[in-house]
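Scroll down for the structure; my scribbles are underneath it.
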Amino acid sequence: MTGVSEAESVRRAVALLIGFLVMVPLTTGAAVREDDPHELRTDLDGILEDPRLDGATVGVVVRDPETGRTLYAKHPHRRMTPASTAKLLTSVAALRVLGTGFRFHTRVLATGERRGPVLAGDLYLRGTGDPSMLARDYRRLAERVAEAGVEVVAGDLLADDTRFDDPELANGWMAVDEPYHYAAPVSALTVAPDTDYDAGSVMVRVRPAAPGQPVHVSTVPETGAIRIVNRARTTTGDTSGVSVHREHGSSRVVVSGGMSSTAPPRRFFRSVPDPTRYALDVFRRALERHGVAVRGSAETARVPGHARTLAEHRSMPLGRLLVPFLKLSNNGHAETLVKTMGERVAGEGSWRAGLRVLRRELAELGLDPRGYRLVDGSGLSTLNTVSPGQLARLLDAVRGEPWFDRWRSALPVAGISERMVGGTLRGRMVGTPAEGNVTAKTGSMTGVSALSGYVHTRTGRELVFSVVFNDFLGSPPRDVQDALAVRLATYGSPPGQRRPDEVSVSGGGPEGVARGEDTFDSPVECSWVKSC
(Lines give C-alpha, C1' and ligand atoms only; values in the text may rest on other atoms or scores of the structure.)
Protein backbone atom coordinates (compact mmCIF):
# COMPACT_ATOMS: atom_id res chain seq x y z
CA MET A 1 0.00 0.00 0.00
CA THR A 2 1.13 3.57 -0.63
CA GLY A 3 -0.09 5.06 2.65
CA VAL A 4 -2.88 6.93 0.86
CA SER A 5 -6.35 6.16 2.28
CA GLU A 6 -8.93 4.56 0.03
CA ALA A 7 -11.24 7.57 0.34
CA GLU A 8 -8.40 9.91 -0.62
CA SER A 9 -7.46 7.69 -3.56
CA VAL A 10 -11.04 7.76 -4.81
CA ARG A 11 -11.14 11.54 -4.43
CA ARG A 12 -7.90 11.87 -6.42
CA ALA A 13 -9.16 9.54 -9.15
CA VAL A 14 -12.34 11.59 -9.53
CA ALA A 15 -10.40 14.83 -9.52
CA LEU A 16 -7.98 13.45 -12.09
CA LEU A 17 -10.81 12.37 -14.35
CA ILE A 18 -12.53 15.74 -14.06
CA GLY A 19 -9.28 17.39 -15.05
CA PHE A 20 -9.11 15.30 -18.21
CA LEU A 21 -12.75 15.71 -19.14
CA VAL A 22 -13.13 19.42 -18.53
CA MET A 23 -11.66 21.28 -21.48
CA VAL A 24 -11.44 25.00 -22.17
CA PRO A 25 -14.81 26.18 -23.55
CA LEU A 26 -14.85 26.78 -27.27
CA THR A 27 -14.67 30.41 -28.37
CA THR A 28 -17.49 31.75 -30.49
CA GLY A 29 -17.00 30.91 -34.11
CA ALA A 30 -14.21 28.39 -33.48
CA ALA A 31 -14.31 25.12 -35.38
CA VAL A 32 -15.48 22.10 -33.37
CA ARG A 33 -12.46 19.84 -32.77
CA GLU A 34 -13.51 16.24 -32.40
CA ASP A 35 -11.88 14.05 -29.78
CA ASP A 36 -8.96 12.10 -31.22
CA PRO A 37 -7.16 8.86 -30.30
CA HIS A 38 -4.04 10.68 -29.13
CA GLU A 39 -6.08 12.71 -26.66
CA LEU A 40 -7.85 9.53 -25.52
CA ARG A 41 -4.55 7.73 -24.94
CA THR A 42 -3.22 10.64 -22.91
CA ASP A 43 -6.33 10.66 -20.73
CA LEU A 44 -6.35 6.89 -20.15
CA ASP A 45 -2.64 6.90 -19.31
CA GLY A 46 -3.32 9.57 -16.72
CA ILE A 47 -6.18 7.66 -15.12
CA LEU A 48 -3.98 4.56 -14.81
CA GLU A 49 -1.39 6.53 -12.84
CA ASP A 50 -3.50 5.93 -9.72
CA PRO A 51 -1.10 5.07 -6.85
CA ARG A 52 -3.13 2.03 -5.85
CA LEU A 53 -1.90 0.38 -9.06
CA ASP A 54 1.76 0.83 -8.12
CA GLY A 55 3.34 -2.61 -8.33
CA ALA A 56 0.19 -4.14 -9.79
CA THR A 57 -0.16 -5.76 -13.21
CA VAL A 58 -2.37 -3.70 -15.51
CA GLY A 59 -3.75 -4.70 -18.90
CA VAL A 60 -6.09 -2.54 -20.98
CA VAL A 61 -7.29 -2.80 -24.58
CA VAL A 62 -9.79 -0.55 -26.39
CA ARG A 63 -10.86 -1.46 -29.92
CA ASP A 64 -13.11 0.13 -32.51
CA PRO A 65 -14.90 -2.81 -34.17
CA GLU A 66 -16.06 -0.80 -37.16
CA THR A 67 -12.58 0.26 -38.22
CA GLY A 68 -10.66 -2.63 -36.67
CA ARG A 69 -8.32 -0.12 -35.02
CA THR A 70 -6.91 -0.51 -31.54
CA LEU A 71 -7.45 2.87 -29.90
CA TYR A 72 -5.52 2.04 -26.73
CA ALA A 73 -3.37 -0.81 -25.50
CA LYS A 74 -1.39 -1.32 -22.32
CA HIS A 75 0.16 -4.76 -21.93
CA PRO A 76 -2.46 -6.27 -24.28
CA HIS A 77 -0.74 -9.66 -24.55
CA ARG A 78 0.13 -10.16 -20.89
CA ARG A 79 -1.66 -13.21 -19.53
CA MET A 80 -3.47 -12.42 -16.31
CA THR A 81 -5.99 -13.96 -13.92
CA PRO A 82 -9.39 -13.01 -15.36
CA ALA A 83 -11.69 -13.90 -12.42
CA SER A 84 -15.28 -13.97 -13.68
CA THR A 85 -14.57 -12.34 -17.01
CA ALA A 86 -13.73 -15.96 -17.90
CA LYS A 87 -17.50 -16.42 -18.09
CA LEU A 88 -17.40 -14.48 -21.35
CA LEU A 89 -15.47 -17.35 -22.93
CA THR A 90 -17.67 -20.03 -21.36
CA SER A 91 -20.97 -18.44 -22.33
CA VAL A 92 -19.88 -17.82 -25.91
CA ALA A 93 -18.71 -21.41 -26.37
CA ALA A 94 -21.91 -22.76 -24.78
CA LEU A 95 -24.10 -20.74 -27.13
CA ARG A 96 -22.15 -21.97 -30.15
CA VAL A 97 -22.41 -25.61 -29.04
CA LEU A 98 -25.83 -25.77 -27.37
CA GLY A 99 -27.78 -22.84 -28.84
CA THR A 100 -30.21 -20.44 -27.16
CA GLY A 101 -33.03 -22.99 -27.17
CA PHE A 102 -31.15 -25.69 -25.25
CA ARG A 103 -32.95 -26.99 -22.14
CA PHE A 104 -31.91 -29.31 -19.33
CA HIS A 105 -34.36 -32.05 -18.40
CA THR A 106 -34.95 -33.94 -15.17
CA ARG A 107 -36.92 -37.19 -15.33
CA VAL A 108 -38.61 -39.59 -12.95
CA LEU A 109 -38.55 -43.18 -14.23
CA ALA A 110 -39.83 -46.46 -12.88
CA THR A 111 -39.09 -50.16 -13.14
CA GLY A 112 -41.49 -52.95 -12.29
CA GLU A 113 -45.23 -53.12 -12.76
CA ARG A 114 -47.84 -51.05 -10.97
CA ARG A 115 -50.28 -53.21 -9.03
CA GLY A 116 -53.06 -50.92 -8.03
CA PRO A 117 -51.48 -48.07 -6.03
CA VAL A 118 -48.21 -50.02 -5.48
CA LEU A 119 -45.21 -49.73 -7.80
CA ALA A 120 -43.56 -53.14 -7.54
CA GLY A 121 -40.14 -51.83 -8.46
CA ASP A 122 -37.79 -48.88 -8.07
CA LEU A 123 -38.26 -45.18 -8.72
CA TYR A 124 -35.40 -43.27 -10.36
CA LEU A 125 -34.59 -39.56 -10.45
CA ARG A 126 -32.28 -38.76 -13.37
CA GLY A 127 -30.71 -35.36 -13.98
CA THR A 128 -28.76 -33.71 -16.76
CA GLY A 129 -27.30 -30.83 -14.77
CA ASP A 130 -30.18 -28.37 -14.54
CA PRO A 131 -28.90 -25.62 -12.19
CA SER A 132 -32.31 -23.95 -12.01
CA MET A 133 -34.16 -26.82 -10.28
CA LEU A 134 -36.05 -25.52 -7.25
CA ALA A 135 -37.84 -27.43 -4.50
CA ARG A 136 -41.13 -26.52 -6.16
CA ASP A 137 -39.98 -28.24 -9.36
CA TYR A 138 -39.36 -31.44 -7.42
CA ARG A 139 -42.80 -31.04 -5.86
CA ARG A 140 -44.35 -30.88 -9.34
CA LEU A 141 -42.53 -34.05 -10.35
CA ALA A 142 -43.81 -35.77 -7.21
CA GLU A 143 -47.31 -34.54 -7.95
CA ARG A 144 -47.19 -36.15 -11.40
CA VAL A 145 -46.05 -39.45 -9.87
CA ALA A 146 -49.06 -39.32 -7.54
CA GLU A 147 -51.35 -38.43 -10.45
CA ALA A 148 -50.10 -41.56 -12.23
CA GLY A 149 -51.75 -43.56 -9.43
CA VAL A 150 -48.64 -44.46 -7.42
CA GLU A 151 -49.09 -44.35 -3.65
CA VAL A 152 -46.39 -46.80 -2.58
CA VAL A 153 -42.97 -47.54 -4.07
CA ALA A 154 -42.09 -51.06 -2.98
CA GLY A 155 -38.47 -50.71 -4.06
CA ASP A 156 -35.82 -48.02 -3.64
CA LEU A 157 -35.64 -44.36 -4.58
CA LEU A 158 -32.51 -44.02 -6.72
CA ALA A 159 -30.66 -41.02 -8.11
CA ASP A 160 -28.88 -41.15 -11.48
CA ASP A 161 -26.29 -38.35 -11.75
CA THR A 162 -24.06 -40.17 -14.23
CA ARG A 163 -24.44 -37.51 -16.92
CA PHE A 164 -21.46 -35.77 -15.22
CA ASP A 165 -18.26 -37.32 -13.89
CA ASP A 166 -17.49 -37.67 -10.20
CA PRO A 167 -15.17 -34.68 -9.49
CA GLU A 168 -17.45 -31.95 -8.19
CA LEU A 169 -14.86 -29.24 -7.48
CA ALA A 170 -12.68 -27.79 -10.22
CA ASN A 171 -8.89 -27.68 -10.33
CA GLY A 172 -7.46 -24.75 -8.41
CA TRP A 173 -10.48 -24.00 -6.23
CA MET A 174 -9.37 -23.02 -2.75
CA ALA A 175 -10.33 -25.07 0.29
CA VAL A 176 -11.38 -21.91 2.12
CA ASP A 177 -14.11 -21.35 -0.50
CA GLU A 178 -15.60 -24.82 -0.22
CA PRO A 179 -18.38 -24.06 2.35
CA TYR A 180 -19.81 -21.10 0.40
CA HIS A 181 -22.54 -21.07 -2.21
CA TYR A 182 -20.31 -19.63 -4.94
CA ALA A 183 -18.09 -22.75 -4.78
CA ALA A 184 -20.81 -25.37 -4.53
CA PRO A 185 -20.07 -28.84 -5.95
CA VAL A 186 -21.26 -29.46 -9.51
CA SER A 187 -23.59 -32.40 -10.11
CA ALA A 188 -26.04 -33.59 -12.75
CA LEU A 189 -28.66 -33.59 -9.95
CA THR A 190 -28.93 -30.60 -7.69
CA VAL A 191 -31.22 -28.05 -6.04
CA ALA A 192 -31.20 -24.24 -5.93
CA PRO A 193 -32.68 -22.49 -2.86
CA ASP A 194 -34.10 -19.48 -4.72
CA THR A 195 -34.36 -17.84 -8.13
CA ASP A 196 -30.77 -16.66 -8.12
CA TYR A 197 -30.28 -20.35 -8.92
CA ASP A 198 -27.17 -20.96 -6.81
CA ALA A 199 -27.42 -24.70 -7.35
CA GLY A 200 -25.96 -27.01 -4.74
CA SER A 201 -26.48 -24.52 -1.93
CA VAL A 202 -29.00 -24.14 0.87
CA MET A 203 -30.36 -21.03 2.57
CA VAL A 204 -29.94 -21.06 6.35
CA ARG A 205 -32.45 -18.72 8.00
CA VAL A 206 -31.74 -17.41 11.49
CA ARG A 207 -34.15 -15.34 13.59
CA PRO A 208 -34.20 -14.37 17.27
CA ALA A 209 -36.25 -16.10 19.95
CA ALA A 210 -37.00 -14.92 23.48
CA PRO A 211 -33.98 -13.47 25.34
CA GLY A 212 -31.76 -16.21 26.69
CA GLN A 213 -33.17 -18.84 24.33
CA PRO A 214 -31.44 -20.45 21.33
CA VAL A 215 -32.10 -18.64 18.08
CA HIS A 216 -34.53 -20.19 15.60
CA VAL A 217 -32.78 -21.88 12.66
CA SER A 218 -34.39 -23.32 9.54
CA THR A 219 -33.34 -24.13 5.99
CA VAL A 220 -34.78 -23.34 2.58
CA PRO A 221 -35.58 -25.80 1.23
CA GLU A 222 -36.21 -28.18 4.11
CA THR A 223 -33.55 -30.85 3.90
CA GLY A 224 -31.52 -33.35 5.84
CA ALA A 225 -28.57 -32.88 3.49
CA ILE A 226 -26.93 -30.68 6.11
CA ARG A 227 -26.92 -31.12 9.88
CA ILE A 228 -27.53 -27.95 11.89
CA VAL A 229 -25.73 -27.50 15.21
CA ASN A 230 -27.30 -24.48 16.94
CA ARG A 231 -25.04 -22.82 19.52
CA ALA A 232 -26.32 -19.27 19.06
CA ARG A 233 -28.35 -17.51 21.77
CA THR A 234 -30.82 -14.66 21.74
CA THR A 235 -29.67 -11.64 23.75
CA THR A 236 -31.21 -8.43 25.06
CA GLY A 237 -28.56 -6.04 23.80
CA ASP A 238 -26.05 -5.53 21.03
CA THR A 239 -23.89 -8.54 20.25
CA SER A 240 -20.99 -9.35 17.99
CA GLY A 241 -23.41 -11.12 15.66
CA VAL A 242 -24.32 -14.59 14.58
CA SER A 243 -22.24 -16.74 12.23
CA VAL A 244 -23.08 -19.79 10.16
CA HIS A 245 -20.15 -22.04 9.29
CA ARG A 246 -20.17 -25.32 7.38
CA GLU A 247 -17.22 -27.38 8.51
CA HIS A 248 -14.77 -28.27 5.77
CA GLY A 249 -15.58 -31.60 4.12
CA SER A 250 -18.60 -32.09 6.35
CA SER A 251 -22.37 -31.65 6.25
CA ARG A 252 -22.26 -30.16 9.76
CA VAL A 253 -23.30 -26.49 9.84
CA VAL A 254 -22.57 -24.70 13.11
CA VAL A 255 -24.60 -21.62 14.05
CA SER A 256 -22.87 -19.65 16.78
CA GLY A 257 -22.66 -16.23 18.40
CA GLY A 258 -25.45 -14.01 19.64
CA MET A 259 -28.46 -12.30 18.10
CA SER A 260 -30.44 -9.47 19.62
CA SER A 261 -34.09 -10.21 20.31
CA THR A 262 -34.99 -7.14 18.24
CA ALA A 263 -32.75 -8.02 15.28
CA PRO A 264 -34.35 -8.81 11.92
CA PRO A 265 -34.05 -12.32 10.49
CA ARG A 266 -30.89 -13.10 8.56
CA ARG A 267 -30.09 -15.47 5.70
CA PHE A 268 -26.86 -17.27 4.95
CA PHE A 269 -26.17 -19.30 1.81
CA ARG A 270 -23.96 -22.34 2.24
CA SER A 271 -22.93 -25.07 -0.17
CA VAL A 272 -24.06 -28.66 0.35
CA PRO A 273 -21.27 -31.28 0.19
CA ASP A 274 -23.32 -33.88 -1.71
CA PRO A 275 -25.71 -32.16 -4.16
CA THR A 276 -27.03 -35.46 -5.56
CA ARG A 277 -28.21 -36.71 -2.17
CA TYR A 278 -29.52 -33.20 -1.50
CA ALA A 279 -31.75 -33.45 -4.59
CA LEU A 280 -32.82 -36.96 -3.65
CA ASP A 281 -33.74 -35.83 -0.14
CA VAL A 282 -35.80 -32.89 -1.42
CA PHE A 283 -37.58 -35.15 -3.92
CA ARG A 284 -38.34 -37.82 -1.29
CA ARG A 285 -39.89 -35.17 0.95
CA ALA A 286 -41.95 -33.98 -2.01
CA LEU A 287 -43.21 -37.51 -2.64
CA GLU A 288 -44.25 -37.86 0.98
CA ARG A 289 -46.04 -34.52 0.78
CA HIS A 290 -48.08 -35.88 -2.14
CA GLY A 291 -48.91 -39.14 -0.43
CA VAL A 292 -46.30 -41.36 -2.08
CA ALA A 293 -44.45 -43.60 0.39
CA VAL A 294 -41.09 -45.19 -0.47
CA ARG A 295 -40.45 -48.44 1.39
CA GLY A 296 -36.84 -48.89 0.30
CA SER A 297 -33.72 -46.79 0.79
CA ALA A 298 -32.45 -43.74 -1.07
CA GLU A 299 -29.27 -44.51 -3.04
CA THR A 300 -27.53 -43.69 -6.33
CA ALA A 301 -27.65 -45.92 -9.39
CA ARG A 302 -27.79 -45.73 -13.16
CA VAL A 303 -31.23 -45.97 -14.73
CA PRO A 304 -31.66 -49.30 -16.55
CA GLY A 305 -32.58 -49.22 -20.21
CA HIS A 306 -36.04 -50.73 -19.68
CA ALA A 307 -37.23 -48.03 -17.23
CA ARG A 308 -40.24 -45.99 -18.32
CA THR A 309 -40.74 -42.26 -17.76
CA LEU A 310 -43.43 -41.16 -15.31
CA ALA A 311 -42.69 -37.42 -15.17
CA GLU A 312 -40.36 -34.87 -16.69
CA HIS A 313 -39.30 -31.30 -15.97
CA ARG A 314 -37.67 -29.12 -18.62
CA SER A 315 -35.64 -26.06 -17.68
CA MET A 316 -35.92 -22.58 -19.09
CA PRO A 317 -34.01 -22.28 -22.40
CA LEU A 318 -30.35 -21.28 -22.28
CA GLY A 319 -31.22 -17.94 -23.84
CA ARG A 320 -33.15 -17.07 -20.65
CA LEU A 321 -30.73 -18.73 -18.25
CA LEU A 322 -28.04 -16.35 -19.55
CA VAL A 323 -29.64 -13.54 -17.52
CA PRO A 324 -29.08 -14.89 -13.97
CA PHE A 325 -25.87 -16.54 -15.17
CA LEU A 326 -24.17 -13.38 -16.44
CA LYS A 327 -26.02 -10.60 -14.61
CA LEU A 328 -25.34 -12.20 -11.21
CA SER A 329 -22.13 -13.96 -12.24
CA ASN A 330 -23.29 -17.42 -11.22
CA ASN A 331 -20.31 -19.75 -10.95
CA GLY A 332 -22.33 -22.96 -10.90
CA HIS A 333 -24.00 -22.17 -14.20
CA ALA A 334 -20.62 -21.79 -15.88
CA GLU A 335 -19.32 -25.13 -14.63
CA THR A 336 -22.54 -26.91 -15.54
CA LEU A 337 -22.31 -25.56 -19.08
CA VAL A 338 -18.70 -26.70 -19.43
CA LYS A 339 -19.57 -30.26 -18.42
CA THR A 340 -22.68 -30.19 -20.61
CA MET A 341 -20.61 -29.20 -23.64
CA GLY A 342 -18.29 -32.12 -22.95
CA GLU A 343 -21.20 -34.53 -22.67
CA ARG A 344 -22.93 -33.19 -25.76
CA VAL A 345 -19.88 -33.29 -28.05
CA ALA A 346 -17.63 -36.01 -26.60
CA GLY A 347 -20.06 -38.07 -24.50
CA GLU A 348 -18.08 -37.16 -21.37
CA GLY A 349 -19.54 -34.74 -18.83
CA SER A 350 -16.22 -33.57 -17.42
CA TRP A 351 -14.19 -30.39 -17.17
CA ARG A 352 -11.51 -31.98 -19.33
CA ALA A 353 -13.87 -32.78 -22.20
CA GLY A 354 -15.89 -29.57 -21.87
CA LEU A 355 -12.87 -27.29 -21.86
CA ARG A 356 -11.51 -29.10 -24.89
CA VAL A 357 -14.75 -28.23 -26.70
CA LEU A 358 -14.55 -24.65 -25.44
CA ARG A 359 -11.02 -24.22 -26.83
CA ARG A 360 -12.11 -25.59 -30.19
CA GLU A 361 -15.05 -23.21 -30.43
CA LEU A 362 -13.02 -20.17 -29.43
CA ALA A 363 -10.28 -21.10 -31.92
CA GLU A 364 -12.88 -20.72 -34.65
CA LEU A 365 -13.42 -17.17 -33.39
CA GLY A 366 -9.71 -16.39 -33.60
CA LEU A 367 -8.48 -17.16 -30.06
CA ASP A 368 -5.30 -19.23 -30.15
CA PRO A 369 -5.76 -21.99 -27.52
CA ARG A 370 -2.02 -21.87 -26.85
CA GLY A 371 -2.36 -18.28 -25.66
CA TYR A 372 -4.61 -18.77 -22.63
CA ARG A 373 -5.40 -21.32 -19.93
CA LEU A 374 -8.78 -22.16 -18.44
CA VAL A 375 -9.19 -24.95 -15.89
CA ASP A 376 -12.79 -24.09 -15.02
CA GLY A 377 -15.65 -22.21 -16.62
CA SER A 378 -16.42 -19.63 -13.94
CA GLY A 379 -13.03 -18.02 -13.29
CA LEU A 380 -12.97 -19.05 -9.63
CA SER A 381 -9.66 -20.87 -10.07
CA THR A 382 -6.49 -18.81 -9.75
CA LEU A 383 -4.86 -21.10 -12.34
CA ASN A 384 -6.78 -19.43 -15.18
CA THR A 385 -4.84 -16.99 -17.36
CA VAL A 386 -5.99 -14.91 -20.33
CA SER A 387 -4.84 -11.61 -21.78
CA PRO A 388 -6.98 -8.47 -22.14
CA GLY A 389 -6.19 -8.57 -25.84
CA GLN A 390 -7.78 -12.01 -26.13
CA LEU A 391 -10.86 -10.88 -24.20
CA ALA A 392 -11.19 -7.87 -26.50
CA ARG A 393 -10.76 -10.07 -29.58
CA LEU A 394 -13.55 -12.34 -28.36
CA LEU A 395 -15.87 -9.40 -27.68
CA ASP A 396 -15.21 -8.15 -31.20
CA ALA A 397 -15.55 -11.54 -32.91
CA VAL A 398 -18.95 -12.48 -31.42
CA ARG A 399 -20.63 -9.38 -32.83
CA GLY A 400 -21.41 -11.39 -35.96
CA GLU A 401 -23.05 -14.32 -34.15
CA PRO A 402 -26.84 -14.73 -34.62
CA TRP A 403 -27.41 -14.72 -30.84
CA PHE A 404 -25.16 -11.73 -30.16
CA ASP A 405 -27.88 -9.26 -29.17
CA ARG A 406 -29.40 -11.67 -26.67
CA TRP A 407 -25.99 -12.48 -25.20
CA ARG A 408 -24.95 -8.85 -24.88
CA SER A 409 -28.25 -7.93 -23.23
CA ALA A 410 -27.55 -10.59 -20.57
CA LEU A 411 -24.39 -8.75 -19.48
CA PRO A 412 -24.60 -6.28 -16.56
CA VAL A 413 -25.47 -2.68 -17.46
CA ALA A 414 -23.75 0.17 -15.60
CA GLY A 415 -25.82 2.22 -13.21
CA ILE A 416 -29.20 0.52 -13.78
CA SER A 417 -30.64 -0.31 -10.37
CA GLU A 418 -32.99 -3.11 -11.48
CA ARG A 419 -31.18 -6.23 -10.35
CA MET A 420 -31.76 -8.34 -13.44
CA VAL A 421 -30.66 -5.48 -15.69
CA GLY A 422 -27.80 -3.80 -13.87
CA GLY A 423 -26.59 -7.02 -12.29
CA THR A 424 -23.12 -6.68 -10.76
CA LEU A 425 -22.78 -3.17 -12.28
CA ARG A 426 -25.99 -1.72 -10.86
CA GLY A 427 -24.21 0.35 -8.21
CA ARG A 428 -21.41 1.60 -10.45
CA MET A 429 -21.04 4.63 -12.74
CA VAL A 430 -24.41 6.00 -11.63
CA GLY A 431 -25.05 9.52 -12.92
CA THR A 432 -22.16 9.48 -15.41
CA PRO A 433 -22.13 9.30 -19.21
CA ALA A 434 -21.41 5.57 -18.78
CA GLU A 435 -24.76 4.92 -17.08
CA GLY A 436 -26.80 2.72 -19.39
CA ASN A 437 -24.04 2.89 -22.01
CA VAL A 438 -21.59 0.35 -20.58
CA THR A 439 -22.55 -3.31 -20.90
CA ALA A 440 -19.79 -5.46 -19.47
CA LYS A 441 -18.79 -8.50 -17.42
CA THR A 442 -17.19 -7.91 -14.06
CA GLY A 443 -14.53 -10.03 -12.41
CA SER A 444 -13.43 -9.84 -8.79
CA MET A 445 -11.45 -11.98 -6.39
CA THR A 446 -8.52 -11.41 -4.06
CA GLY A 447 -5.98 -9.28 -5.92
CA VAL A 448 -8.01 -9.37 -9.15
CA SER A 449 -10.46 -6.89 -10.63
CA ALA A 450 -11.62 -6.88 -14.23
CA LEU A 451 -14.20 -5.26 -16.48
CA SER A 452 -14.65 -6.26 -20.12
CA GLY A 453 -17.44 -5.42 -22.53
CA TYR A 454 -18.94 -2.69 -24.68
CA VAL A 455 -19.43 1.04 -24.38
CA HIS A 456 -21.49 3.39 -26.53
CA THR A 457 -19.81 6.73 -27.09
CA ARG A 458 -21.56 10.09 -27.36
CA THR A 459 -21.63 9.79 -31.13
CA GLY A 460 -23.30 6.37 -31.01
CA ARG A 461 -20.22 4.32 -31.83
CA GLU A 462 -19.75 1.08 -29.94
CA LEU A 463 -16.28 0.35 -28.62
CA VAL A 464 -14.94 -2.90 -27.22
CA PHE A 465 -12.79 -2.74 -24.10
CA SER A 466 -11.07 -5.02 -21.62
CA VAL A 467 -9.51 -3.87 -18.34
CA VAL A 468 -7.76 -6.37 -16.04
CA PHE A 469 -5.92 -5.52 -12.81
CA ASN A 470 -3.90 -8.17 -10.95
CA ASP A 471 -1.73 -8.18 -7.82
CA PHE A 472 -2.94 -4.92 -6.26
CA LEU A 473 -3.07 -4.63 -2.48
CA GLY A 474 -6.12 -3.57 -0.53
CA SER A 475 -9.62 -3.01 -1.88
CA PRO A 476 -10.24 -3.46 -5.61
CA PRO A 477 -9.70 -0.12 -7.45
CA ARG A 478 -12.95 -0.43 -9.38
CA ASP A 479 -13.35 3.33 -9.51
CA VAL A 480 -10.30 3.45 -11.77
CA GLN A 481 -12.01 1.02 -14.15
CA ASP A 482 -15.14 3.15 -13.93
CA ALA A 483 -13.14 6.28 -14.76
CA LEU A 484 -11.77 4.54 -17.86
CA ALA A 485 -15.28 3.51 -18.92
CA VAL A 486 -16.67 7.02 -18.36
CA ARG A 487 -13.89 8.47 -20.49
CA LEU A 488 -14.69 6.00 -23.27
CA ALA A 489 -18.38 6.95 -23.05
CA THR A 490 -17.41 10.56 -23.85
CA TYR A 491 -15.10 9.62 -26.72
CA GLY A 492 -15.98 11.46 -29.91
CA SER A 493 -17.56 14.42 -28.12
CA PRO A 494 -16.28 17.95 -28.67
CA PRO A 495 -14.09 18.82 -25.67
CA GLY A 496 -16.40 21.58 -24.47
CA GLN A 497 -19.28 19.12 -24.13
CA ARG A 498 -17.57 17.00 -21.46
CA ARG A 499 -18.89 18.70 -18.35
CA PRO A 500 -17.64 18.24 -14.78
CA ASP A 501 -21.14 17.72 -13.42
CA GLU A 502 -21.40 14.51 -15.45
CA VAL A 503 -18.51 12.93 -13.62
CA SER A 504 -19.26 10.94 -10.47
CA VAL A 505 -17.28 7.75 -10.25
CA SER A 506 -18.18 5.32 -7.48
CA GLY A 507 -15.56 3.16 -5.87
CA GLY A 508 -18.00 0.67 -4.39
CA GLY A 509 -21.24 -0.81 -5.54
CA PRO A 510 -22.43 -4.40 -5.25
CA GLU A 511 -20.04 -5.96 -7.75
CA GLY A 512 -18.04 -7.81 -5.12
CA VAL A 513 -20.99 -9.94 -3.99
CA ALA A 514 -23.25 -11.66 -6.50
CA ARG A 515 -26.29 -11.00 -4.31
CA GLY A 516 -25.48 -7.30 -4.04
CA GLU A 517 -27.17 -5.14 -1.42
CA ASP A 518 -29.68 -7.82 -0.51
CA THR A 519 -27.12 -10.33 0.68
CA PHE A 520 -27.58 -11.32 4.30
CA ASP A 521 -24.03 -12.56 4.63
CA SER A 522 -21.21 -10.46 5.95
CA PRO A 523 -19.65 -8.83 2.88
CA VAL A 524 -16.27 -10.20 3.93
CA GLU A 525 -17.54 -13.76 3.65
CA CYS A 526 -18.43 -13.51 -0.03
CA SER A 527 -16.38 -10.74 -1.55
CA TRP A 528 -12.79 -11.40 -0.56
CA VAL A 529 -12.31 -14.39 -2.81
CA LYS A 530 -15.51 -14.72 -4.82
CA SER A 531 -15.14 -14.62 -8.57
CA CYS A 532 -18.00 -12.48 -9.78
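The reciprocal of the average 1/r between distinct C-alpha atoms defines the Kirkwood hydrodynamic radius, which for region 402-471 equals 12.5 Å.
Summed over the residues of the chain and divided among them, the accessible surface reaches 38 Å² per residue at a probe radius of 1.4 Å.
Within the accessible surface of the chain, defined with a 1.4 Å probe on protein heavy atoms only, the carbon and sulfur portion equals 48 percent.
Using the rule -39500 (n - 2.57) for each DSSP H run of four or more residues, divided by the residues of the chain, the 222 nm mean residue ellipticity is -8000 deg cm²/dmol. Computed from the Cβ-Cβ distance with R0 of 30 Å, the FRET efficiency linking Asp166 to Arg136 stands at 0.55. At an R0 of 25 angstrom, the distance between the Cβ atoms of His38 and Arg370 translates into a FRET efficiency of 0.15. Helix 135-147 and the longest principal axis of the Cα set of the chain meet at an angle near 30°.
If you add up the charges near Val254, with Lys and Arg at +1 and Asp and Glu at -1, over every other residue whose beta carbon is less than 12 angstrom from its beta carbon, what do you get? Net charge around Val254: +4.
Considering region 101-173, its Cα convex hull presents a mean projected area of 6.6 nm². By how many degrees, 0 to 90 and rounded to 10, does the Cα axis of helix 86-98 deviate from the longest principal axis of the chain? The angle comes out at about 60 degrees.
Here region 178-225 is treated as a sphere whose radius is the Kirkwood value from Cα pairs; by Stokes-Einstein at 25 °C and 0.890 mPa s it diffuses with a coefficient of 200 µm²/s. Here the calculated FRET efficiency for Leu383 and Arg295, from their Cβ-Cβ distance with R0 = 45 Å, stands at 0.45, rounded to the nearest 0.05.
Shown are Glu178, Glu312, whose ranking by accessible area with a 1.4 Å probe and every protein chain present, most to least, is Glu312, Glu178. Express in whole angstrom the spacing between the alpha-carbon centres of region 47-69 and region 171-185. Between the Cα centre of region 47-69 and that of region 171-185, the gap is 31 Å. Ordering Met420, Thr432, Gly354 by the projection of their Cα atoms onto the charge dipole of region 325-459, which places +1 on the Cβ of Lys and Arg and -1 on the Cβ of Asp and Glu, puts Thr432 at the extreme positive end.
Helix 275-289 and the longest principal axis of the Cα set of the chain meet at an angle near 50°.
For region 194-302, how big is Rg over Rh, using alpha carbon atoms and the Kirkwood form of Rh?
Rounded to two decimals, Rg/Rh equals 1.05.
The value for the chain of Rg(Cα) / (2.2 N^0.38 Å) is 1.06.
The values are calculated or read from the model by the stated rules, or taken from the named source; none is laboratory data. Computed from a predicted model, the values in this text were never measured in an experiment. FYI the Cβ positions are ideal-geometry reconstructions off the backbone, even for glycines, and counts take in every protein chain you see. For accessibility, only protein heavy atoms count, side chains too; no ligands or nucleic acids. Shrake-Rupley method; radii C 1.70, N 1.55, O 1.52, S 1.80 Å.
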